[in-house]
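The values are calculated or read from the model by the stated rules, or taken from the named source; none is laboratory data. Since this is a predicted model, take the numbers as computed values, not measurements. Cβ: placed from backbone, ideal geometry, glycine included. Neighbour counts: every protein chain shown.
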Amino acid sequence: MAFDKMELKDIEVWDGNHAAAQAMRQAQIDVVAAYPITPSTPIVEGYAKFKADNYVEGEFVMVESEHAAMSGCVGAAAAGGRVATATSSQGLALMAEVLYQASGMRLPIVLNLVNRALAAPLNVNGDHSDMYMVRDSGWIQFDAFSPQEAYDLNLIAFRVSEDHDVRIPAIINQDGFITSHTAQGVHTLSDDVAYNFVGEYKPMNDMLDFENPVTHGVQTEEDWHFEHKARQHNDMMTIVPGKIEEVFADFEKLTGRKYNKVECYDMNDADVAVVCMGTSVETAREVATEMRAKGIKAGVVGIRVFRPFPFFEIAEAIKDIKAVAVLDRCAPGGAAGTLFNEISGSLYNTDLKIALSGYIYGLGGRDLTKAHLVDLFNELQANADAGKVLTQQQQFIGVRGPKLAYL
């Protein structure tokens, strides 16, 4: 697809929720089925106002639960519409059953997931528990570190998900309150340019095409279930990565903003590095710069695409690093951290000898401070000098009370 020179509006001051809602408006969605939950409510609330003010022509359907919201999205997508919604935390937990229906039926729905802790105890603040909970649901998952990226990745997600070679739903993650409610300058596209990038929706196997009848949501049992799931996984791992790179490249041509499945900062000559997601990436980058002024060659790796997981890109990013810390913003519930395990998997069949350690941090919205990261980079340098992890392999950052460590 060819693009004319970018047409930018003035910089808008938007938080992550409003940025997502505006991108949804510009994509000219046919159906948004939604049920509100903190901290994602302003996305669907904002879209509903666009509808009330006649800025959008599609349908906004307020349903009785998050389960019903995703069910409505599945029905609308199966009927041949461009469809999106938003949720968080417990809402996603209620919605999770239907996520598997959407991906198994190959319906290109876009879901804005404003990351929030899972109860109990009840907590409305951000961590990555909900992101990790649906990691194996068969959805593409992008991760936005800022409101700008929440806007951009929505437009990108529609392009990737709706491609006829893909037809897999997509999630755009952003940190609850830290991104969703923090206003920053956002470079926006004009409505026409944004819609041209996303493209006109082209249904495939839609139920309302009466000349070509199809069946959705069939029962397969042992006869064909394996083949369906194997094809779904194969396409996720072999087709989606290349399509993401293609759309990232088109978006860079249009806007000048470059995205990668794995974002590397100061990694060319780094000895130690932190791997993380969400807003922690920006904090870690700032501290890494300060540590370099103190003689520690620090770098940061941010995971932009969480599913399909970029095993090879991560291994390439950290292959020359002596000590790496993986930060998980989720309590793993009896295992090593999810991201830690997947980074470990990236290294399993390599000859790399890296002092790899994991840290649990920021649960329920607890701050990850610059002081925490200074201590962490100093610890990583000690590990690099020793050629091994000197402390427990998995630790907690910023938890009160007696020191907790395991593994």
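Annotation note: of P121, P108, the sole residue that is closer than 18 Å to C330 by Cα and of a type outside the set (G, A, S) is P121.
L376 meets the conditions (1) without any contact (Cβ under 8 Å) to a residue 40 or more places away in the chain; (2) assigned to a helix (DSSP H, G or I) in every case but one. The failed one is (1).
Evaluate the range 76-88: report whether one residue or more is within 28 Å of H228 (Cα to Cα), surrounded by 17 or more Cβ atoms within 10 Å (Cβ to Cβ), among the charged types (D, E, K, R) and modelled with pLDDT of 95 or more. Looking for residues that are within 28 Å of H228 (Cα to Cα), surrounded by 17 or more Cβ atoms within 10 Å (Cβ to Cβ), among the charged types (D, E, K, R) and modelled with pLDDT of 95 or more, one finds at least one in the range 76-88, hence yes. Taken over the range 379-402, residues that are in contact (Cβ under 8 Å) with a residue 60 or more places away in the chain and small (G, A, S) amount to 2. If we scan the range 114-135, do we find a residue that is touching a Leu at 6+ places or on another chain (Cβ under 6 Å), surrounded by fewer than 24 Cβ atoms within 10 Å (Cβ to Cβ), at pLDDT 95 or above and within 29 Å of G80 (Cβ to Cβ)? Yes: the range 114-135 contains one or more residues that are touching a Leu at 6+ places or on another chain (Cβ under 6 Å), surrounded by fewer than 24 Cβ atoms within 10 Å (Cβ to Cβ), at pLDDT 95 or above and within 29 Å of G80 (Cβ to Cβ). Of all residues in the range 364-378, those satisfying the criterion of being surrounded by fewer than 21 Cβ atoms within 10 Å (Cβ to Cβ) and under 23 Å from the mean Cα position of the chain (by Cα) are G364, G365, R366, D367, T369.
Kindly indicate whether any position in the range 222-234 is touching a residue at least 60 places away in the same chain (Cβ under 8 Å) and assigned to a strand (DSSP E or B). No, every residue in the range 222-234 fails to be touching a residue at least 60 places away in the same chain (Cβ under 8 Å) and assigned to a strand (DSSP E or B). Could you say which residue among D192, D266, D206 is more than 22 Å from the chain's Cα centre (by Cα), in contact (Cβ under 8 Å) with a residue 24 or more places away in the chain and exposed (fewer than 12 other Cβ atoms within 10 Å of the Cβ)? Step by step, each of D192, D266, D206 is checked, and only D192 is more than 22 Å from the chain's Cα centre (by Cα), in contact (Cβ under 8 Å) with a residue 24 or more places away in the chain and exposed (fewer than 12 other Cβ atoms within 10 Å of the Cβ).
Among the listed residues S71, S88, which satisfies the condition of being within 20 Å of D136 (Cα to Cα) and touching a Gly at 6+ places or on another chain (Cβ under 7 Å)?
Numbers: S71 fails: touching a Gly at 6+ places or on another chain (Cβ under 7 Å).
Selected residue: S88, the only one of S71, S88 that is within 20 Å of D136 (Cα to Cα) and touching a Gly at 6+ places or on another chain (Cβ under 7 Å).
For the range 39-70, what are the residues that are crowded, with 19+ Cβ neighbours inside 10 Å, in contact with a strand residue (DSSP E or B) (Cβ under 7 Å, 6 or more places away or on another chain) and part of a loop (DSSP other than H, G, I, E, B)? Matches in the range 39-70: P39, S40, G58. The residue of the range 379-407 that is surrounded by the most Cβ atoms within 10 Å (Cβ to Cβ), among those that are assigned to a loop (DSSP other than H, G, I, E, B) and among the aliphatic types (A, V, I, L, M), is V389.
Here's the yes/no breakdown for (1) without any contact (Cβ under 8 Å) to a residue 24 or more places away in the chain; (2) over 21 Å from the mean Cα position of the chain (by Cα); (3) surrounded by fewer than 20 Cβ atoms within 10 Å (Cβ to Cβ); (4) not assigned by TED's automatic domain parsing to the domain that holds G176:
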| residue | (1), (2), (3), (4) |
| --- | --- |
| G302 | no, no, no, yes |
| F312 | no, no, yes, yes |
| I321 | no, yes, no, yes |
| N341 | yes, no, yes, yes |
| L347 | no, yes, yes, yes |
